[in-house]
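This report refers to the structure that appears directly beneath it.
Just so you know, all these numbers are worked out from the coordinates, no wet-lab data involved. Not measured: the values here are computed from a predicted model. Virtual Cβ from ideal backbone geometry, glycine too; neighbours counted across all protein chains shown.
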Amino acid sequence: MDKMFLALQDMYRSLLAEELPTKESHEVACIICSNICNPWSVNAHAAEKSRESNGQNSSEMVCFVLSLMESMSCKVLSGSTAANTRLYYMEVLTVSLDHMSVMSKLVSLFGVSDRLLSHFAVKCATSLVLFQLHKSNSFNRVWQEKCMKILLEPFPSIELYSTLWSLTALIKGILTGMCNCNKDALEQLVSMLDSVFPQVYSGLLSWVERGQGSAASVKDMYNVETSLVAFLDFLEVLTAARLSLKICFFRQRLFYQQALMTLQLVGSSVQYFVQKKAILLLKATLLLKAGEDFITVGPPLMKEGDHMITDLLSLADVVLQAVFAGWLQGVPVNTNASFFGGNVMSVHCASDGPDFVVLRAVSLILLKSLEYKLQYEKEGPEPAGNLPAFLGALMLFLKQHLSGLQQLLHPCSWVSLVFGEQDDDMIEAAKVIMMLHLYQRRWNTGENLKACETGCNPHCHFIFLLQNVAFDHSVLLDFLISTETCFLDYFVRYLKLLRNNWEDFAAICQGIEALNSKAGFDVAAFERDRVGAPGGCTSKGSNDRVSETLPNPGTANRRNSTSLSLGISQPISHPLVDYESSDESESEEPGLSSVPLQRTLVSDGSGFENAKGDGQSECCSLTQEKSVVGPSTPSRLCVQAVTCLGQLRTVICRLQRRNLFPYKPDSLLKLLMQIEEKSGIQYEFPCE
């Protein structure tokens, strides 16, 4: 076996054991750099021939060397490496960069046909850029010039993909604290990219249009699609940098202001996984959660001068105009779809069911766009009359893909059905829908709203939520304590609505109970069957990219036939809502300013008429019922709901007395008590 390979093998063993190698740092640098041979990577046939004659020049050898160098860089950037070992690795990397032109060799491998070799080279080069940034607070000049050259002529290719991947990984490294100069370095990098970003943004997306109108080769489309995937990742980390480090350059705003290109990408001829990635980027941007997979995003920028409100309104405008133009009809929703986190659908989903990840994302894209328009638009006519048209369009889109599922017995059950396995998105959707409902009530005083027609009655959503968790108060407690969802904010707002509109809630309970009876579902029998059942676990991912199974002792293991199961995720570091002021304002409507929509939507047969399905006529009349279910004749659902809330109040009281509740719950307890009094249904065990 070659002596050089034995030396590299010894180096690798020492690195794993975190011991000092036997050879001097300069000698190791010479061995490493001599194995990164440029001619080798250019010709695959020569590579194969060389492998037969000399093992040290094989692609496997080069990949091994690149991996070794990347590992050294990671060890240096890691704070856990011993000081003497860390110093040794720094000497090897410094000699390689300053005296052996290793970066020039690495960037020359960005565009080679051997994709494995190219990827190892990109990873190694990026780690060395981070190392040099950490050491000297400056970017590597050779790497920087290579990136700028490729981005100035954004032709879809392996080189463009490699460059975008490198930039994305570098920004992630800066955001996660791999170097000690976060904000300054990122400002320097974004400033460097400011001049070339528009060409990349418009140029790359224009290649999609060219490919649609011509007989593009499979190889060309492959390069377009892989470059698009890398570019969408790049857009996300730029957005995450804006949220995390409060860095905002003009070109970072381009995605918000020209989002139509991304919306058009969804309906283009690219493969489904690219379309899906674009949809998820739009969702993450509107939810202010870009980059949540690798960093904890801080509070959103909503102050004067940061342009965030302006940019969100621009994005919302583009989305709503696209929906008006029929964008929803062109959104692809595959069956048996590919998953970023695996290839198996959830156990409770039919094998031929729709891609719920896309359904959730599209729903939130439209809902959040409406929310921003209502919250931040300052001029123009009131859009209350337009809300049913937009929400009706969403219902038609969902019905198109949920038509084969029998669970959609009530139009408002779509939230539970679509978001059943993603509790953070479900609560976000319920909160936005409640805000839209309250806003419409505010501008339609005296009118009898038909919220169920568009599937947006907050009372129905709350009842279905309780049914989904089998009226288990411990699940609500988990939600209240966890910072994974915005449940506290939603819960407080809804309890105020419930307190002031108990009669509507009672009527809705009566109507849903009638539907349950019609469907042959016995709530009481289900509840009796649930009691004493052993705890189970549900499948739920922290987001729509990765699915995982988490134990959840608070959630019952059985659900009724009209709903999907809920899971509780491990909490992440988001601040709890400031709850101290929750009882100071008695108004259930959020403070919203008047908002115009760019166009007036009418029911003209173009797909915006109100959606009605089986059982719709009966459901839509629920909000018009004049009969009041008095305290002496409560429906079974009312009793179950109030009992669940009473049990929750009791548990919170006990935790508060022991100083185990994470925040002061006095106002929450007051709301729960007021609802019990309003209902006339007294829970058996009061707080005292």
For the pair GLN144 and LEU6, the simple spin-label estimate (label points 7 Å beyond Cα toward Cβ) gives in nm 4.4 nm
Here the residues of segment 225-248 lying in the modelled label zone of PHE155, meaning backbone nitrogen under 20 Å from a point 7 Å along Cα-to-Cβ, are 225-231
Honestly segment 111-228 on the Cα gyration tensor test (a ≥ b ≥ c root eigenvalues; a/c under 1.5 rounded, otherwise a/b vs b/c for prolate or oblate) is just prolate
XL table LYS183/LYS277; LYS219/LYS289; LYS368/LYS431; Cα-Cα > 22 Å flagged, in table order, is LYS183/LYS277; LYS219/LYS289
Taking Lys and Arg as +1 and Asp and Glu as -1, residues besides SER25 with C-beta under 13 Å from its C-beta add up to -2
Extension length gain for SER403 and TYR272 (0.36 nm per residue less Cα distance), in nm, is 45.0 nm
Pairs over 24 Å Cα to Cα, from LYS283/LYS373; LYS75/LYS149; LYS172/LYS283, come to LYS75/LYS149
